[in-house]
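Values in this text are rule-based calculations from the coordinates and carry no lab data. Given the structure is predicted, the values throughout are model-derived calculations rather than measurements. Cβ sites come from the backbone with ideal geometry, for glycine too, and all protein chains shown count toward neighbours.
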Amino acid sequence: MGTVTLGVSIAVPEPYGSLLQQRRAGFGDTAAGGIPTHVTLLPPTEVARERWPAVEEHLARVASRQVPFPMRLSGTDTFRPLTPVVFVKVVEGAAACSWLQERVREADGPLARELMFPYHPHVTVAHKIDESAMDTAYAALADFEAAWSVGAFALYEQGAEDGVWRLRREFAFGSHEPRQTLPTQQACTERASSPG
């Protein structure tokens, strides 16, 4: 049946999500169109397609054990020189994100994996663009602020042909049932070369 590349993340809601996605594209990041704004919980991970039901059941269990929590973004930072990434900082909600990502990657679960980098919740706004454009992104969003209540995370699949991340299912906190099945045109998560 082959494999699929999956990711799990928390979407940044409107109007902030579209704003940051547009800014990312404006800085010259050509991947921005296929990656709506998010905080990663599971970076790109290859899974056998037949494991999809087990993945959904696992994520439903993880979501059922989490309650809504406040998320706040403020200012910018960078992973340079380790990796060419500029991001908006998660200044509230990081501990909950860390707890969730550990549960998503549980050693006995269908998404068990090691990370390339220590987990650091963030919202990427520039990736693999030239240094001057990275500097522009860092400065342009230095005063950015956003806050909301997180009530769900979602499962995404990367298109094998176009590399676009498509939203497959959203999982509401405190429930074993998926919140809804969503259109496949939506997208999220980061490419495998990005830190965690």
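Kirkwood analysis of the Cα pair distances in the chain returns a hydrodynamic radius of 16.7 Å. Among the GluC sites (Glu not before Pro) found in the range 69-175, those both in a DSSP coil and sparsely packed, with 16 or fewer other Cβ atoms within 10 Å of their Cβ, are Glu106, Glu114, Glu161. When Leu82, Leu41 are arranged by Cβ crowding within 10 Å, least crowded first, meaning fewest neighbours, the order is Leu82, Leu41. By the beta-carbon count within 10 Å of each Cβ, the least crowded to most crowded order of Ser149, Ser74, Ser9, fewest first, is Ser149, Ser74, Ser9.
Quick one: longest stretch of the chain between exposed loop trypsin sites (Lys or Arg not before Pro), exposed meaning at most 16 other C-beta atoms within 10 Å and loop per DSSP? Within the chain, the longest run free of exposed trypsin sites (Lys or Arg not before Pro) spans 129-196. Here the chain is assigned +1 on the Cβ of each Lys and Arg and -1 on the Cβ of each Asp and Glu. Its dipole about the Cα centre then comes out at about 240 debye. Axis angle, to the nearest 10 degrees, between helix 52-64 and the longest C-alpha principal axis of the chain: 70 degrees. Rounded to the nearest 10 degrees, the inclination of helix 131-140 to the longest alpha-carbon principal axis of the chain is 90 degrees. Close amide-amide hydrogen proximity is noted between Thr76 and Lys89, each under 5 Å apart and 5 or more residues distant or on a separate chain (H modeled in the peptide plane; Pro and chain starts excluded).
Taking a ≥ b ≥ c as the square roots of the eigenvalues of the Cα gyration tensor, an a/c ratio of 1.5 or more together with a/b no larger than b/c marks the range 1-103 as oblate.
How far is helix 16-26 tilted, in degrees, relative to the longest principal axis of the Cα atoms in the chain, given as a value from 0 to 90 rounded to the nearest 10? In the chain, helix 16-26 runs at an angle near 50 degrees to the longest axis.
Note: relative contact order over the chain, using C-alpha pairs below 8 Å and six or more positions apart, is 32 percent.
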